[in-house]
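Remarks on the structure that follows.
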Amino acid sequence: MQIETDLTGKLLIAMPGIGDPRFERSVILVCAHTPDFAMGIVLNRPMEGIDLQEIIDQMDVPQEADLEGVAILEGGPVATERGFVLHTDDVICDGATMEVEDELCMTATREILAAIASSAPPRKFVMALGYAGWAAGQLEQELAQNAWLVGAPDSDLVFGDAYEHKWRHALTRMGVDLSRLQSNAGNA
């Protein structure tokens with residue numbers, strides 16, 4: 001099986017039986033992938049008991065927009081106190097915004113929160129606390145063990161709020177017949 005060497009901008013869709021409850025039925029956008037590391041944001045795990053308004057208030061960011069009820073995602077188990085914003089490329093924070101793919105960017109600064117709270121926010125955005133990270137070769141090994149399927153993102157998968165349906169949507173979008181998906185698949 002040929003494993004892509006750069007999965008930046010791709011989705012990782014957890015296979016049944018992934019073996020790690022933190023990633024069961026996860027859909028992850030890979031934001032960076034090099035020979036040394038990979039990092040991504042889990043797109044389908046909204047946090048309970050906190051919304052974006054609370055983050056804006058805690059950080060004392062000047063505000064023109066109402067962000068009450070806007071979900072914060074559990075982006076992954078690494079650096080869970082740090083915020084990461086996936087957003088469209090209509091707002092760029094000089095020296096801080098990383099292009100993920102085409103019109104999709106990631107920024108992890110107070111400046112992007114100020115833009116979100118302003119009267120001119122990015123067209124689309126989602127904030128996560130924490131990220132999923134892999135050491136050199138770790139993601140490639142998990143792919144070889146069939147822990148993940150690799151797919152292309154779409155706007156609903158990245159920015160949509162139907163969190164409980166994202167895993168199924170990602171699989172069916174790839175043409176995967178969920179009734180035939182097994183957790184004990186092997187390698188040929």
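Scanning the stretch 37-77 for residues that are in contact with a Lys or Arg (Cβ under 8 Å, 6 or more places away or on another chain) and surrounded by fewer than 16 Cβ atoms within 10 Å (Cβ to Cβ) gives M59, P77. When E48 is tested against the conditions (1) free of Cβ contacts under 8 Å to residues at least 60 places away in the same chain; (2) of a type outside the set (V, I, T); (3) within 15 Å of A132 (Cβ to Cβ), the lone failure is (3).
Exactly one residue out of A135, A162, A108 is modelled with pLDDT of 95 or more and under 21 Å from P21 (Cβ atoms), and it is A135. Taking the criterion of being of a type in the set (A, V, I, L, M, F, W, C) and closer than 19 Å to P77 by Cβ, the only residue of the stretch 151-171 that qualifies is W167. Annotation: of all residues in the stretch 133-150 being under 22 Å from A79 (Cα atoms) and under 15 Å from the mean Cα position of the chain (by Cα), the one that is most open to solvent (accessible area, probe 1.4 Å) is G133. Counting only residues that are part of a helix (DSSP H, G or I), without any contact (Cβ under 8 Å) to a residue 40 or more places away in the chain and surrounded by 13 or more Cβ atoms within 10 Å (Cβ to Cβ), the stretch 151-165 holds 2 of them.
Of all residues in the stretch 1-44, those that are in a loop (DSSP other than H, G, I, E, B), over 14 Å from the mean Cα position of the chain (by Cα), farther than 17 Å from E74 by Cβ and in contact (Cβ under 8 Å) with a residue 60 or more places away in the chain total 9. Looking across the stretch 112-129 at every residue that is without any contact (Cβ under 8 Å) to a residue 60 or more places away in the chain and crowded, with 16+ Cβ neighbours inside 10 Å, the one that is nearest to E54 (Cα to Cα) is identified as L113.
The values are calculated or read from the model by the stated rules, or taken from the named source; none is laboratory data. These numbers come from a predicted model, not from an experiment. Backbone-built Cβ (ideal geometry, glycine too); neighbour counts: all protein chains shown. Side chains are part of the model used for accessible areas, which takes the heavy atoms of the whole protein and leaves out ligands, DNA and RNA. Shrake-Rupley method; radii C 1.70, N 1.55, O 1.52, S 1.80 Å.
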